[in-house]
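The values are calculated or read from the model by the stated rules, or taken from the named source; none is laboratory data. Keep in mind the model is a prediction, meaning the values are calculated, not measured. Glycine also receives a Cβ, built like all others from the backbone with ideal geometry; neighbour counts cover every protein chain displayed. Heads up: the accessible areas ignore ligands, DNA and RNA and are worked out on the full protein's heavy atoms, side chains in. Shrake-Rupley method; radii C 1.70, N 1.55, O 1.52, S 1.80 Å.
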Amino acid sequence: FKERVKKHVERVIKEGKNRVEIQFITKDGKKTDVEISATALYHPITGQFIKTRAFVRDITDRKRLERHLREYHDILEQRVSDRTRELRETKDYLENLLEGANDVIFTLNPAGLITYVNKKVEEWGYRKEELVGSSFIAILSRKHKGERIRRTVAEGIRQTYEVEIMDKTGGIKYAVLSISPLRTGNEKMAGVLVIAND
């Protein structure tokens, strides 16, 4: 720490005061963390530097606590990193399951807008990207007004029923929909899961 102390003194002389953290060695050879707060004293007439006055405070306990906090922070960061990796792997696994399903699978938000659809929908002529964000009711034939989906959102009940779906070319497809509510951990309605069996 000798070079750091040298720079500390130079800064005190130049700027009038400075603070530095270093280690002292006690008489019995033990290292002690200290903080030095120094102030420069100047000649009142010439303005020349005379000496510094310093207060030395033992910060061993604080430094030990800082080390513990750093170690704890590193452990937490590692846990977050591990958990993030696990969640990403789980997400990838579930997406692979959904994308490989034999049925068309949708998720809708409480307003009935499509938030996810698997690639099976391409058999109806649609691209996944063009459906996400649009209303699910828009792909149903005109005789379906979406009351049952709204009921699932409002009452949280599961339903299975047959519908007519309009494919991209305007043709009719017949599908059995299985609709289930999606809830958050606190049982709040997050949306709807729709499985359409052509």
task = Please give the solvent-accessible surface of GLU71 in Å², to the nearest 10, using a probe radius of 1.4 Å with every protein chain present.
result = 100 Å²
query = For the range 1-80, treating each Cα as an identical point scatterer without solvent, what Debye log10 I(q)/I(0) comes out at q = 0.20 1/Å?
reply = -0.91
key: Pairwise Lys count, the range 40-179 - Cα closer than 22 Å, eight or more residues apart or different chains   = 15
ask   = Suppose every K and R has +1 on its Cβ and every D and E has -1 on its Cβ; what is the size of the dipole of the range 12-59 about the Cα centre, in Debye to the nearest 20?
value = 140 debye
query = Simple spin-label model, 7 Å along Cα-to-Cβ: GLN48 to GLU35 in nm?
reply = 3.5 nm
Size of charge dipole - the chain - debye, nearest 20, with Cβ of Lys, Arg +1 and Asp, Glu -1, no other charges = 1420 debye
task = Sum -39500 (n - 2.57) across every DSSP H segment of at least 4 residues in the chain, then divide by the residue count to get the 222 nm mean residue ellipticity, nearest 500.
result = -11500 deg cm²/dmol
inquiry  = Cut-off under 16 Å on the C-alpha distance; same-chain residues fewer than 8 positions from LYS2 excluded. Which lysines are left, in chain and number order?
reply    = LYS31
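Provide HIS8, HIS144 ordered by accessible surface of protein heavy atoms (probe 1.4 Å), highest first.
HIS144, HIS8
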ask   = Efficiency by 1/(1 + (r/R0)^6): what FRET value for LEU97 and ILE75, r their Cβ-Cβ distance, R0 = 25 Å, to the nearest 0.05?
value = 0.15
message = From the protein chains alone at 1.4 Å, what is the descending order of accessible area for PHE49, PHE1, PHE55, PHE106, largest first?
response = PHE55, PHE1, PHE49, PHE106
